Amino acid sequence: MRKFLDMLSRHQHLMVALLSVWLILTSPWVSMFSKIPRQPGVFDRLHLWIGLITLVLTITYSVSCLRNGGWRLHFPWLAGQVSQVGADLRGLFRARIPAAESGGLFGALEGLTLLALLATGVTGAGWLWAQGTSSAMEWRAAHMLVAHGLVVFVVLHTVAVALHVLDFIRE
């Protein structure tokens with residue numbers, strides 16, 4: 001059963017990553033403000049549907065990531081383990097790449113990326129739910145704010161993965 005759940009988690013990660021990249025790259029062509037336009041374009045429709053699918057996948061992927069104590073890896077500060085994050089930060093300044101599965105800097109970065117992805121999905125769903133109301137623009141503003149934060153975390157996560165691949169190749 002554990003092998004199946006691990007395989008499912010890898011597939012979820014891939015799907016969430018691909019769908020998120022698509023949503024981010026095509027977001028400049030989305031033309032929704034306080035409500036869905038009468039004649040929504042293809043990017044508007046796809047952004048809504050793919051966004052909702054991504055939110056569901058993100059929720060299930062989060063459960064996969066946090067089960068069996070995985071929350072300690074992704075949110076080390078909740079377990080009172082902030083010293084490893086600090087040690088990893090100091091190591092970066094000495095050109096040492098932190099371990100991926102140590103509950104340190106890179107694990108915390110993964111957790112923050114996951115939180116940003118969840119926040120982006122929830123605010124997007126809130127915006128959809130509030131369409132046409134006075135609070136729709138507030139949901140939109142929140143969605144755009146956390147989406148920009150998500151982009152930053154995705155870039156940092158990608159850099160971390162690239163560093164690990166580079167480190168793996170060197171060994």
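The values are calculated or read from the model by the stated rules, or taken from the named source; none is laboratory data. What you see is a predicted model; the values in this text were computed from it and never measured. As a convention, Cβ positions derive from the backbone with ideal geometry for all residues, glycine included, and neighbour counts pool all protein chains shown.
Sub-7 Å Cβ pairs linking a first residue in the stretch 127-147 that is on the phi > 0 side of the Ramachandran plot to a second residue that is surrounded by fewer than 15 Cβ atoms within 10 Å (Cβ to Cβ) and modelled with pLDDT under 95, at least 6 apart or interchain, are G132/K35, ordered by first then second residue.
A Cβ distance below 8 Å, combined with a sequence gap of six or more or placement on separate chains, defines the contacts here; from the stretch 29-42, residues that are farther than 13 Å from M137 by Cα reach residues that are polar (S, T, N, Q) in the pairs P37/S31; G41/S31.
Residue under question is I24, and the condition is that it be surrounded by 15 or more Cβ atoms within 10 Å (Cβ to Cβ), part of a helix (DSSP H, G or I), touching a Leu at 6+ places or on another chain (Cβ under 7 Å) and touching a residue at least 24 places away in the same chain (Cβ under 8 Å); does it hold? Write out each step before concluding.
Numbers: surrounded by 15 or more Cβ atoms within 10 Å (Cβ to Cβ): yes; part of a helix (DSSP H, G or I): yes; touching a Leu at 6+ places or on another chain (Cβ under 7 Å): no; touching a residue at least 24 places away in the same chain (Cβ under 8 Å): yes.
No; evaluated as a whole, the condition is false for this residue.
Quick grid of which residues meet (1) under 27 Å from L163 (Cα atoms); (2) among the charged types (D, E, K, R); (3) not in a helix (DSSP H, G or I):
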residue: I53; (1), (2), (3): no, no, no
residue: L66; (1), (2), (3): yes, no, no
residue: A95; (1), (2), (3): yes, no, yes
residue: L114; (1), (2), (3): yes, no, no
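Of the candidates L14, L18, the single residue that is loosely packed, with under 15 Cβ neighbours inside 10 Å, closer than 17 Å to V151 by Cα and at pLDDT 95 or above is L18.
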